[in-house]
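A.B. asks: Quick one: structure below, then a few questions.
The values are calculated or read from the model by the stated rules, or taken from the named source; none is laboratory data. Because the structure is a prediction, the values reported are computed rather than measured. A quick note on method: Cβ atoms are made from the backbone with ideal geometry, for glycine too, and the neighbour counts reach across all protein chains shown.
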Amino acid sequence: MIQTLRKLWRNPGGLHLDENKDVSTQCPSRQIPLAAQLVIPLLQHAGDKPKVVANVGAYVYKGQTLAVAQSNNSVNVHATTSGTISAIEPRPVAHPSGLHDLCVVLIPDGKDDWGDARLPTYPNYTEIDPAILRQQVKAAGVVGMGGAVFPSAVKLNVRPDKPIRTLILNGAECEPYITCDDMLMREQAAEIVAGAQVMMHIVKPQECLIGVEDNKPLAIAAMQAAITAAQDSRIQVVAVPTIYPSGGAKQLTFILTGKEVPSGGRSSDIGVLCNNVATARAIYHAVVHGEPSLSRYVTVTGNGIAQPCNLEIPFGTPISHVAAHAGGTTPQAKRWRMGGPMMGITLHDAATPVVKAMNCLLVNDELENTQPAMPCIRCGRCTDACPTSLLPQQLYWFARAKEFDKAKTHHLSDCIECGCCEYVCPSHIPLVDYYRFAKAEIRTEREAKVKADLARERHEFHQERLERAKREKAEKLAKHKEQAQTNTDDGKKAAIQAALERAKAKKAEAAASTTSGDTAA
Amino acid sequence: MIFNKRTSPVATGKADVSTLMQQVLYALIPGTLLLVWFFGWGMITNWVLAIGFALLFEAIMLKLRQRPIEPFLMDYSAVLTAWLLAVAMPAFSPWWLIAVAMLFAIVIAKHLYGGLGYNPFNPAMVGYAAMLVSYPVQMTIWPEPVHFSFAHIGADQAFQKVFWGINTGWDALSGATPLDAVKVNLGLHKTLEEIYASGHFGLFGGDAWAWINLAWLAGGLWMIQRKVISWHIPVALLAGLGGIATIFWLVNPQLYASPLFHLLGGAAMLGAFFIATDPVSASTTPMGKLIYAAGIGLFTYIIRTWGGYPDAIAFAVLIMNMAVPLIDYYTQPRVYGTKRGWLG
């Protein structure tokens, strides 16, 4: 065990859970043969969907861009191997709703040919402008691989007024069953450290802390060795106590730095940037080797899997194919989940593809919650367990009564949905579902308000424009009228006057000629 | 292939309402056994009648409210309410007194407010307080505690008293509790020294109540150790009661009883560990629990010393029950990433 003299902070609440991690760390990770068909969802990240640029029937190389980001809050999506695109259509994806989403279906040709699809490589990245490297990270489709799948290029964009002091690499991996980061650190420590160095070049922090829960001594030792080999004194591995959910970004930030990410703010507000260790590796591959994010370590485990293990799986591989290459399923394979038992989501279909967010494929026979939910007795065990110091029993009450304003004043938005409250609840109330419901209602309300405001603004503008047009028309009319009036009043008189005068003059002329004729005669 | 669906978390702990309630019941055993030692059949009839009526009323109300009967009967909450009332009411209470008390506790205070988890007031204390104001005589006459009471009052005698109100040969055995004796005699302008000299006072002066309080204390400490309850409420209640008692005792020890007398007298320990800790009607925030319980301690002393009743846990609990929503609102803990709140 590495002894560190670094001071650690104790986060409130949290749980000691049955880890169930050993089952999947008994053998080294391995790669599996390509599936006959890869289904690559366009939206594997949190943000805007990129625009498809590939065509059905086209041949694509490995790493070729299939869809291009249309906004800052988006990333490119790539072909994970070479082959032919057979369809671009909605398919089942890993989403709690079970709804289908747009995917590119790729039939691999088995050559795994990069062709000319590699991005530019920057082995001497220290001489390159960070802005160019950020663009490369975005073009390579790198997103946070701890589960939040936020586009990494956005996080790496440091504002001058908010410099980053500490880069945190999150290797805590606190959720039961999941060991992909553990195995990644054991096997790819050098690449993770190299990725950390690339990130440090981009965001210029003073230090880099790699937080790892102390139940992973082999990973800690491997990371330590890699840092020593890299001779980088700015980087340090810190063992943190094994308490769920210390791997939450906000929790790990507090444990390592004693600083709290402000409510509603970003970690950059306190000079911290937190990234998963797998993200660091993906950034290393993107920048130094010009390789887009095409695969990841996935823990395949649970009593529904015959040989639990860690596999490096190309994105788009169906989970049925993954299970088949983990020794197949057992009769206990009743429930399939992406992620762990605390925060994972239930998968609805065996054809669901592996995506960037999938750290774990958990297949087991955990019984459905047969115990009926009893009324809340306000025992407060949830308060003791909450890592954010919320009052879950009060939030439950407000969510149930649809008192969303009170839920807001009790900081519902700061709930990280870690599930600790629900785990300890003696009444077996599905608390997190109530919070998700309340959050969704509040979001809908806010969006409706924004829409209503916009509609009102538009309406008011429209009204104003109509009135202006009316006013202008009226003004014009008045002007015309005035002119007409002038014509009628003065013009006519003048015309009549002129005619009269002309007539008079004629008369006078005639009279004068007669007179003169008379005179002459 | 379609899979089973359930949203996270799917892992659940082992805690469960009926297990929690059972553990509270276990913790009540030592004090109850001591009560049985001192009051014999009188405590057994109390216990059996209270639990019987509670389960009966609970089942009827669940049926009327169209709720599943079995899971709610098996949560032991009605048993706990009944048990608390059985040990709080005088031994040999007549059957009808217990029935009406349980009616108030289970039907009115609990089910008319929505059942388990929805009652703003502590059901056992509503039952107790309603009886105390309605039947002050029956509710304040305790028999004299005697060692191995079974030897003095037989089962037949006890049943006659409880069911038919026949109490031949009882006068010699009925007496006042120490709290009662102090209150009455202080009213007669005696000093505490004179009062103490006249009867069974103090832990080793034969005061059965002090021993019973210690037994509640032992059960309560076991619950804290097993994390059935948190320390906040008992500690703050006893600190509140002991604190104010110390102040007045220091001012005039002849007029105001010692803090130890208050802490080991009446229902102090039962209240601190078993009654005020009823989570449904108590404050639920860590700081709120301290304020709530200290308030109960304070009101207990005030009512005991200057009020019309010898003991006051029931009234103090009900008063503070009313303040719970306010306390909870202003004692929200400081949430991660936010600024400090009011008192949290």
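A.B. asks: Could we say that B:M61 is buried (at least 19 other Cβ atoms within 10 Å of the Cβ) and either touching a residue at least 40 places away in the same chain (Cβ under 8 Å) or farther than 19 Å from B:Y26 by Cα (or both) here? Don't jump to the end; show me each part of the working.
C.D. replies: Values: buried (at least 19 other Cβ atoms within 10 Å of the Cβ): yes; either touching a residue at least 40 places away in the same chain (Cβ under 8 Å) or farther than 19 Å from B:Y26 by Cα (or both): yes.
For B:M61, the condition - buried (at least 19 other Cβ atoms within 10 Å of the Cβ) and either touching a residue at least 40 places away in the same chain (Cβ under 8 Å) or farther than 19 Å from B:Y26 by Cα (or both) - is met.
So that you can scan it fast, the table gives a plain yes or no per residue for (1) without any contact (Cβ under 8 Å) to a residue 12 or more places away in the chain; (2) closer than 27 Å to A:I345 by Cα; (3) in the same structural domain as A:H16 (by TED's automatic domain parsing); (4) in contact with a Lys or Arg (Cβ under 8 Å, 6 or more places away or on another chain):
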| site | (1), (2), (3), (4) |
| --- | --- |
| A:A229 | no, no, yes, no |
| A:Q236 | no, no, yes, yes |
| A:A249 | no, yes, yes, no |
| A:S267 | no, yes, yes, yes |
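A.B. asks: While we're here: What do you reckon, is A:V158 among the hydrophobic types (A, V, I, L, M, F, W, C) and assigned to a strand (DSSP E or B)?
C.D. replies: Numbers: among the hydrophobic types (A, V, I, L, M, F, W, C): yes; assigned to a strand (DSSP E or B): no.
For A:V158, the condition - among the hydrophobic types (A, V, I, L, M, F, W, C) and assigned to a strand (DSSP E or B) - is not met.
A.B. asks: Tally up the residues in the stretch A:244-287 that are over 19 Å from the mean Cα position of the chain (by Cα), among the acidic types (D, E) and part of a helix (DSSP H, G or I), please.
C.D. replies: 0
A.B. asks: Look through the stretch A:356-415, keep the residues that are of a type in the set (S, T, N, Q), surrounded by fewer than 18 Cβ atoms within 10 Å (Cβ to Cβ) and out of contact with any His (no Cβ under 6 Å at 6 or more places or on another chain), and return whichever of them is farthest from A:G47 (Cα to Cα). Let's see the steps before the verdict.
C.D. replies: Step one: list which residues in the stretch A:356-415 are of a type in the set (S, T, N, Q), which gives A:359, A:364, A:369-371, A:383, A:388-389, A:393-394, A:409, A:413.
Within this subset, residues satisfying the condition of being surrounded by fewer than 18 Cβ atoms within 10 Å (Cβ to Cβ) are A:369-371, A:409, A:413.
So of that shortlist, the ones also out of contact with any His (no Cβ under 6 Å at 6 or more places or on another chain) come out as A:369-370, A:409, A:413.
Numbers: A:N369: 33, A:T370: 37, A:T409: 27, A:S413: 19 Å.
My answer is A:T370.
A.B. asks: With (1) away from chain A (no Cβ under 14 Å); (2) in a loop (DSSP other than H, G, I, E, B) as the list, and B:A272 as the residue in question, which single condition is left unmet?
C.D. replies: For B:A272, the exception is condition (2).
A.B. asks: Still on this model: Starting from residues that are within 12 Å of another protein chain (Cβ to nearest Cβ) and among the basic types (K, R), keep the ones in the stretch B:299-342 and report whichever is surrounded by the most Cβ atoms within 10 Å (Cβ to Cβ).
C.D. replies: Applying the filter and picking the extreme gives B:R334.
A.B. asks: Now, a different point. Checking B:W37 against (1) under 18 Å from the mean Cα position of the chain (by Cα); (2) within 30 Å of B:A151 (Cα to Cα); (3) surrounded by fewer than 23 Cβ atoms within 10 Å (Cβ to Cβ), only one condition comes out false. Which one?
C.D. replies: Answer for B:W37: the failing condition is (1).
A.B. asks: Scan the stretch A:333-348 for residues that are within 24 Å of the chain's Cα centre (by Cα) and at the interface with chain B (Cβ under 7 Å from one of its Cβ atoms) and report the count. Talk me through it step by step, then tell me what you get.
C.D. replies: Taking the stretch A:333-348 first, the residues within 24 Å of the chain's Cα centre (by Cα) are A:336-348.
Retained after the next criterion (residues that are at the interface with chain B (Cβ under 7 Å from one of its Cβ atoms)): A:336, A:341-348.
So the count comes out to 9.
A.B. asks: Starting from residues that are closer than 20 Å to B:G265 by Cα and surrounded by 19 or more Cβ atoms within 10 Å (Cβ to Cβ), keep the ones in the stretch B:1-34 and report whichever is nearest to the other protein chains (Cβ to nearest Cβ). Break it down into steps so the answer makes sense when it comes.
C.D. replies: Quick first cut of the stretch B:1-34, residues closer than 20 Å to B:G265 by Cα only: B:27-34.
Those still in the list that are surrounded by 19 or more Cβ atoms within 10 Å (Cβ to Cβ) too: B:27-28, B:31-32, B:34.
On the way: B:A27: 15, B:L28: 18, B:G31: 22, B:T32: 23, B:L34: 28 Å.
Top of the filtered list is B:A27.
A.B. asks: Something else about it: Anything in the stretch B:212-263 that is of a type in the set (S, T, N, Q), within 25 Å of B:P30 (Cβ to Cβ) and either crowded, with 20+ Cβ neighbours inside 10 Å or out of contact with any Gly (no Cβ under 9 Å at 6 or more places or on another chain) (or both)? List them, or say none. Steps first, answer last, please.
C.D. replies: We begin by selecting, within the stretch B:212-263, every residue of a type in the set (S, T, N, Q); these are B:213, B:225, B:230, B:246, B:252, B:254, B:258.
Filter again for within 25 Å of B:P30 (Cβ to Cβ), leaving B:213, B:225, B:230, B:258.
Selection gives B:N213, B:Q225, B:S258.
Table: residues versus (1) closer than 28 Å to A:Q251 by Cα; (2) of a type outside the set (D, E); (3) modelled with pLDDT under 95.
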{"position": "A:P426", "(1), (2), (3)": "yes, yes, yes"}
{"position": "A:I429", "(1), (2), (3)": "yes, yes, yes"}
{"position": "A:K451", "(1), (2), (3)": "no, yes, yes"}
{"position": "A:L454", "(1), (2), (3)": "no, yes, yes"}
{"position": "A:L466", "(1), (2), (3)": "no, yes, yes"}
{"position": "A:E472", "(1), (2), (3)": "no, no, yes"}
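A.B. asks: Run down A:G327, A:G316 and say which single residue is more than 9 Å from chain B (Cβ to nearest Cβ), out of contact with any helix residue (DSSP H, G or I) (no Cβ under 9 Å at 6 or more places or on another chain), surrounded by 20 or more Cβ atoms within 10 Å (Cβ to Cβ) and on the phi > 0 side of the Ramachandran plot. Break it down into steps so the answer makes sense when it comes.
C.D. replies: Values: A:G327 fails: surrounded by 20 or more Cβ atoms within 10 Å (Cβ to Cβ).
Going through A:G327, A:G316 in turn, just one is more than 9 Å from chain B (Cβ to nearest Cβ), out of contact with any helix residue (DSSP H, G or I) (no Cβ under 9 Å at 6 or more places or on another chain), surrounded by 20 or more Cβ atoms within 10 Å (Cβ to Cβ) and on the phi > 0 side of the Ramachandran plot: A:G316.
A.B. asks: Next question. Exactly one condition in (1) without any contact (Cβ under 8 Å) to a residue 40 or more places away in the chain; (2) within 14 Å of chain B (Cβ to nearest Cβ); (3) of a type in the set (A, V, I, L, M, F, W, C); (4) surrounded by 14 or more Cβ atoms within 10 Å (Cβ to Cβ) is not met by A:L99; state its number.
C.D. replies: The failed condition is (4).
A.B. asks: Would you confirm, using the coordinates I've provided, whether A:G290 is outside any strand (DSSP E or B) and crowded, with 24+ Cβ neighbours inside 10 Å?
C.D. replies: Working: outside any strand (DSSP E or B): yes; crowded, with 24+ Cβ neighbours inside 10 Å: no.
No, not satisfied.
A.B. asks: Do we find a residue being touching a residue at least 24 places away in the same chain (Cβ under 8 Å), closer than 20 Å to A:E403 by Cβ and assigned to a helix (DSSP H, G or I) anywhere in the stretch A:444-459?
C.D. replies: Yes, some residue in the stretch A:444-459 is touching a residue at least 24 places away in the same chain (Cβ under 8 Å), closer than 20 Å to A:E403 by Cβ and assigned to a helix (DSSP H, G or I).
A.B. asks: Next question. Limited to the stretch B:243-261, what total is found for residues that are farther than 20 Å from B:A210 by Cα and touching a residue at least 60 places away in the same chain (Cβ under 8 Å)?
C.D. replies: Step one: list which residues in the stretch B:243-261 are farther than 20 Å from B:A210 by Cα, which gives B:247-248, B:250-252, B:254-255.
With touching a residue at least 60 places away in the same chain (Cβ under 8 Å) added as a condition, the list becomes B:254-255.
Of the residues in the stretch B:243-261, 2 are farther than 20 Å from B:A210 by Cα and touching a residue at least 60 places away in the same chain (Cβ under 8 Å).
A.B. asks: While we're looking at this one, here's another question. Hey, among A:I178, A:I128, A:I168, which residue is over 21 Å from the mean Cα position of the chain (by Cα), surrounded by 20 or more Cβ atoms within 10 Å (Cβ to Cβ) and not aromatic (F, W, Y)?
C.D. replies: Numbers: A:I128 fails: surrounded by 20 or more Cβ atoms within 10 Å (Cβ to Cβ); A:I168 fails: over 21 Å from the mean Cα position of the chain (by Cα).
Answer to the check: A:I178.
A.B. asks: Take B:S283 and tell me if it is under 25 Å from A:C386 (Cα atoms) and buried (at least 24 other Cβ atoms within 10 Å of the Cβ). Let's see the steps before the verdict.
C.D. replies: Details: under 25 Å from A:C386 (Cα atoms): yes; buried (at least 24 other Cβ atoms within 10 Å of the Cβ): yes.
For B:S283, the condition - under 25 Å from A:C386 (Cα atoms) and buried (at least 24 other Cβ atoms within 10 Å of the Cβ) - is met.
A.B. asks: Can you report the number of residues in the stretch A:204-218 which are buried (at least 22 other Cβ atoms within 10 Å of the Cβ) and under 28 Å from A:Q135 (Cβ atoms)?
C.D. replies: Keep residues of the stretch A:204-218 that are buried (at least 22 other Cβ atoms within 10 Å of the Cβ), which gives A:208-213, A:216.
Filter once more, keeping what is under 28 Å from A:Q135 (Cβ atoms): A:208-210.
Here the count works out to 3.
A.B. asks: I've got another one for you. Condition (residue is in contact with a Ser or Thr (Cβ under 7 Å, 6 or more places away or on another chain) and within 25 Å of A:L390 (Cβ to Cβ)) applied to the stretch B:210-231: is it met by at least one residue?
C.D. replies: So the first thing to find is which residues in the stretch B:210-231 are in contact with a Ser or Thr (Cβ under 7 Å, 6 or more places away or on another chain), and the list is B:229.
The next check asks that each one be within 25 Å of A:L390 (Cβ to Cβ); those that pass are B:229.
Yes, the conditions are met somewhere in the stretch B:210-231.
A.B. asks: Can you name the helices (runs of 4 or more DSSP H) wholly within the stretch B:177-226 that have at least 1 residues being at pLDDT below 75 and closer than 26 Å to B:W37 by Cβ? Talk me through it step by step, then tell me what you get.
C.D. replies: On the way: elements: B:178-187, B:192-198, B:208-225.
The qualifying helices (runs of 4 or more DSSP H) are B:192-198.
A.B. asks: Quickly run through the stretch B:115-157 and pick out the residues that are among the polar types (S, T, N, Q) and not in a loop (DSSP other than H, G, I, E, B). Steps first, please.
C.D. replies: At the first step, the residues of the stretch B:115-157 found to be among the polar types (S, T, N, Q) are B:119, B:122, B:134, B:138, B:140, B:149, B:157.
Of everything in the stretch B:115-157, those that are among the polar types (S, T, N, Q) and not in a loop (DSSP other than H, G, I, E, B) turn out to be B:S134, B:Q138, B:T140, B:S149, B:Q157.
A.B. asks: Here's another thing I want to ask about it. When B:A151 is evaluated against the numbered criteria (1) surrounded by fewer than 17 Cβ atoms within 10 Å (Cβ to Cβ); (2) within 14 Å of another protein chain (Cβ to nearest Cβ); (3) aliphatic (A, V, I, L, M), which criterion, by number, is the only one it fails?
C.D. replies: (2)
A.B. asks: Picking from A:A225, A:A221, which residue would you name as being more than 14 Å from chain B (Cβ to nearest Cβ), in contact with a helix residue (DSSP H, G or I) (Cβ under 8 Å, 6 or more places away or on another chain), surrounded by fewer than 21 Cβ atoms within 10 Å (Cβ to Cβ) and of a type outside the set (S, T, N, Q)? Lay out the reasoning, then the answer.
C.D. replies: Numbers: A:A221 fails: in contact with a helix residue (DSSP H, G or I) (Cβ under 8 Å, 6 or more places away or on another chain).
That would be A:A225, the only listed residue that is more than 14 Å from chain B (Cβ to nearest Cβ), in contact with a helix residue (DSSP H, G or I) (Cβ under 8 Å, 6 or more places away or on another chain), surrounded by fewer than 21 Cβ atoms within 10 Å (Cβ to Cβ) and of a type outside the set (S, T, N, Q).
A.B. asks: How many residues does the stretch A:361-408 contain that are out of contact with any helix residue (DSSP H, G or I) (no Cβ under 8 Å at 6 or more places or on another chain), assigned to a helix (DSSP H, G or I) and within 11 Å of another protein chain (Cβ to nearest Cβ)?
C.D. replies: Residues that pass the stated criteria total 1.
A.B. asks: Does A:S263 meet the test of being among the polar types (S, T, N, Q), within 14 Å of chain B (Cβ to nearest Cβ) and over 30 Å from B:T12 (Cβ atoms)? Spell out the reasoning first.
C.D. replies: Working: among the polar types (S, T, N, Q): yes; within 14 Å of chain B (Cβ to nearest Cβ): yes; over 30 Å from B:T12 (Cβ atoms): no.
Considered against the rule, which asks whether it is among the polar types (S, T, N, Q), within 14 Å of chain B (Cβ to nearest Cβ) and over 30 Å from B:T12 (Cβ atoms), A:S263 comes out as no.
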